[in-house]
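Presented below is the structure to which this report refers.
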Amino acid sequence: MTQEPGAHKSDASIDQTRTSDEAAVTRSEEQAHIGTELTESGRVRVRKHVETYPVTEVVPRHVEHADTSERVDAVEGDSGEVETLEDGSISIPIFEEVLVVTKRLVVRERVIVRKRTVVDEYTLETELRREHVTVEGDIDTAENDGTDPNAGQESP
């Protein structure tokens, strides 16, 4: 392959498929495709903690007492009724209130967390490359038959 005077082999690729009388140069340029991409810019962490505190409350309870000469433990299935025994004595059940504590979870408040999207403008500055081709010398091609005043000049 012959190289025309003034042509720069490193600046453009030359098409090898043409005959030795023809030369072709491919010109290319970069284009910018600018868009947006959603990226995480931070996080919100919501924590809750449980606080315990003591509660002291005085609760009245009733306990029956009786003066007796004999006490017998109650057995399972005791009716709790006053009974007259065979010897004529009366058996009276003694009751005791048992404290029952019930705890339940009560919703006190609800925390609402909302997120919002803010659209702002960003000025992007970058550099793009554009190749230019300059043809020098006495080149007479079918495209340059002398009628085009811009033929042989630098292309944009």
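Summary of computed values
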read-out	value
Taking T117, T84 and counting other C-beta atoms within 10 Å, the order from fewest to most	T117, T84
Residues whose placed amide H lies under 5 Å from that of S91, excluding near-sequence neighbours	E83, T84, L85
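FYI, it's all coordinate maths here, none of it is from the lab. Everything numeric here is computed off the predicted structure, so don't read it as measured data. Positions of Cβ are generated from backbone atoms using ideal geometry, with glycine treated the same way; all protein chains shown enter the neighbour counts.
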